[in-house]
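To keep things clear, I will list the structure first and then write my remarks on it.
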Amino acid sequence: MSIKLTSRKAKIIEFIFLIFLIVTIFISFFKPIQAGNGEIGIKAVPLEIGDRGFYILDSDPFAVDTDFTFSGYEPFKGGPLYPNILKGISFISIKLFKQSSTSMLWNLITISISSILTFLTIRFTYASGRLLFDERTGIISMIFFTFSPYSYFYALSGGITIYIMFGTSICTYLILKIFNCKSENYLNNNKTLEKIFLFLVLIYMSLLRPSSIIFCIIVSLIMACLEILNILKYKKDKKLSSFFIFIFIISLVVSFNQLWETRNYSIAALNAFSIEKGTFMGFDRELMRNKIQILLQSSEILKNLEGFLYQVLWKMNDFLTGIIDIRDTHNSETTPLLSFLMRVSVGTTLLAPITYISILGIFIFRRKIINTGLWICLLASIISISPSLIGVAMSRYYYMFITPYILISSMTISKILNTKMIEDFYYNEK
């Protein structure tokens, strides 16, 4: 499972990324970086990992309750892996070095782990690009990550987002490896090691949060079905395929168990999504809900259809603008101006182009996406972020599963740059 860089350009881009990351971390030693209503970086007190109180209780970082994730917090339970990682960091910081969970040492360890995961995410995405299309696709994918402020934001926050993104990038790479054979029989091959690694990564994903659990369920279900198809169609390696079916069923069982364990958290989140406050492009959300509800409750069928159409248009546009961060802020009184402007700027210059180009690429390269198995990760990512259609669509949820979209947009750009028509246009202009 090699993810080594094979070109000088890729090594240069990676070097630039590392310089940016190291400089940013170094600056944060002396001055915390403002992030929404909190701070990130080594100097932050406390480090804004995102929903911090849900994952760690600073007054008692080792608190455990049989019903809740942590004693003294809300009656919601999230995935067990990330809180336990934070407990491990707290053990090193508090037990070994007599520091606290808000100390610079705690922040340094947390940020070091997330920075390593960010680095590996870029490596796996580059390797996936090479498998999917060509070297240029891998390099363009690296460029997207290197010049995305969110790569450094999530590295310096140490939050769960980068853990899920890391898992998504490995899943994508492994599936591309599994399907990367010249034979038309995509799963009729001996990618045993890759499938075992995929199983382990899926277990990892299932222990993080509900959206990553959904991702795991979709991938596990599809892989198990494909293995069953492999037995029925090709009638060879039945024992090996049966073993793969068994391990993917295990990942399904673990995922459904975790989905049940976190059901209160999921239900509460969906309820919060459905009553999202603030405005949609300046239009008050509550007022829009009331207007649409009046139409839907009307005794006239045409009014009902009109209300349904408005509901669909609103939710689709709210979802799309939300995940690419071109949206209104929820609380302008407490949101720092820099954070708001940076968010919108990243949305217009990076997330929007990636999204629109990837949508175009899905139609252009639909056969390629199917043949390489990328459709599995694409479908899983779409379903994983689909709850945001109800409300509260944010780039954070999109960024967790953005790897397939970056790969498709990079492949599309690579194809455009390779097109003879572009070259002819260039030379004709000369």
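Hey, among THR137, THR168, which residue is among the β-branched types (Val, Ile, Thr), buried (at least 24 other Cβ atoms within 10 Å of the Cβ) and modelled with pLDDT of 95 or more? Talk me through it step by step, then tell me what you get.
Details: THR137 fails: modelled with pLDDT of 95 or more.
The conditions single out THR168.
Take the residues in the stretch 117-134 that are of a type in the set (A, V, I, L, M) and closer than 14 Å to LEU407 by Cα; name whichever of them is surrounded by the fewest Cβ atoms within 10 Å (Cβ to Cβ). Working first, answer last.
Taking the stretch 117-134 as the starting set, the residues that turn out to be of a type in the set (A, V, I, L, M) are 117, 120, 122, 127, 131-132.
Now drop any that are not closer than 14 Å to LEU407 by Cα, which leaves 122, 127, 131-132.
Working: ILE122: 24, ALA127: 25, LEU131: 21, LEU132: 27.
That would be LEU131.
Residues considered: ASN264, ASN290, ASN304, ASN317. Of these, the only one that is of a type in the set (S, T, N, Q), modelled with pLDDT under 85 and assigned to a helix (DSSP H, G or I) is ASN264. Taking the condition of a type in the set (Phe, Trp, Tyr) and closer than 27 Å to GLN258 by Cβ, does PHE199 pass? Taking the combined requirement at face value, the residue satisfies it.
Just one residue in the set PRO353, PRO387, PRO336 is over 18 Å from SER141 (Cα atoms), surrounded by fewer than 16 Cβ atoms within 10 Å (Cβ to Cβ) and modelled with pLDDT under 95; that residue is PRO336. With respect to the conditions (1) under 16 Å from LEU320 (Cα atoms); (2) modelled with pLDDT under 95; (3) assigned to a helix (DSSP H, G or I), ALA393 lacks only one, and its number is (3). Within the stretch 320-333, restricting attention to residues that are of a type in the set (Asp, Glu) and surrounded by 14 or more Cβ atoms within 10 Å (Cβ to Cβ), the residue that is modelled with the lowest pLDDT is ASP328.
Among the candidates SER157, SER93, SER151, which residue alone is in contact with a Phe, Trp or Tyr (Cβ under 6 Å, 6 or more places away or on another chain) and either under 21 Å from ILE170 (Cβ atoms) or not hydroxyl-bearing (Ser, Thr, Tyr) (or both)? Don't jump to the end; show me each part of the working.
Working: SER157 fails: in contact with a Phe, Trp or Tyr (Cβ under 6 Å, 6 or more places away or on another chain); SER93 fails: either under 21 Å from ILE170 (Cβ atoms) or not hydroxyl-bearing (Ser, Thr, Tyr) (or both).
On inspection, the qualifying residue turns out to be SER151.
All conditions but one from (1) polar (S, T, N, Q); (2) farther than 18 Å from MET288 by Cβ; (3) at pLDDT 85 or above apply to THR419; the one that does not is (3). Of the listed requirements (1) among the aromatic types (Phe, Trp, Tyr); (2) surrounded by fewer than 24 Cβ atoms within 10 Å (Cβ to Cβ); (3) closer than 18 Å to SER395 by Cβ, PHE179 misses just one: (3). Take the residues of the stretch 219-230 that are in contact (Cβ under 8 Å) with a residue 40 or more places away in the chain and surrounded by fewer than 19 Cβ atoms within 10 Å (Cβ to Cβ): which is farthest from TRP375 (Cα to Cα)? Of everything passing the filter in the stretch 219-230, LEU229 is farthest from TRP375 (Cα to Cα). The set of residues in the stretch 20-56 being surrounded by fewer than 17 Cβ atoms within 10 Å (Cβ to Cβ), β-branched (Val, Ile, Thr) and within 24 Å of the chain's Cα centre (by Cα) consists of ILE22 alone.
Pairs linking a residue in the stretch 54-77 that is in a loop (DSSP other than H, G, I, E, B) to a residue that is among the basic types (Lys, Arg) and modelled with pLDDT of 70 or more, with Cβ atoms under 7 Å and 6 or more positions apart or on different chains, are PRO61/LYS87; PHE62/LYS87; PHE68/LYS77; THR69/LYS77.
Of all residues in the stretch 36-53, exactly one satisfies the criterion of being part of a strand (DSSP E or B) and either modelled with pLDDT under 80 or touching a strand residue (DSSP E or B) at 6+ places or on another chain (Cβ under 6 Å) (or both), namely ILE40.
With respect to the conditions (1) modelled with pLDDT of 90 or more; (2) in a loop (DSSP other than H, G, I, E, B); (3) charged (D, E, K, R), LYS9 lacks only one, and its number is (2). Looking across TYR399, TYR405, one residue alone is modelled with pLDDT of 95 or more and among the aromatic types (Phe, Trp, Tyr). It is TYR405.
With the requirement that a residue be without any contact (Cβ under 8 Å) to a residue 24 or more places away in the chain, assigned to a helix (DSSP H, G or I) and touching a helix residue (DSSP H, G or I) at 6+ places or on another chain (Cβ under 6 Å), what does the stretch 93-143 give you?
Taking the stretch 93-143 as the starting set, the residues that turn out to be without any contact (Cβ under 8 Å) to a residue 24 or more places away in the chain are 93, 95-99, 103, 105, 109, 112, 116.
Still in the running and assigned to a helix (DSSP H, G or I): 93, 95-96, 105, 109, 112, 116.
Selection gives SER93, LEU105, ILE109.
The values are calculated or read from the model by the stated rules, or taken from the named source; none is laboratory data. A quick note: this is a predicted structure, and the numbers were derived from the prediction, not measured. Here the Cβ is made from the backbone with ideal geometry for all residues, glycine too, and neighbour counts use every protein chain on show.
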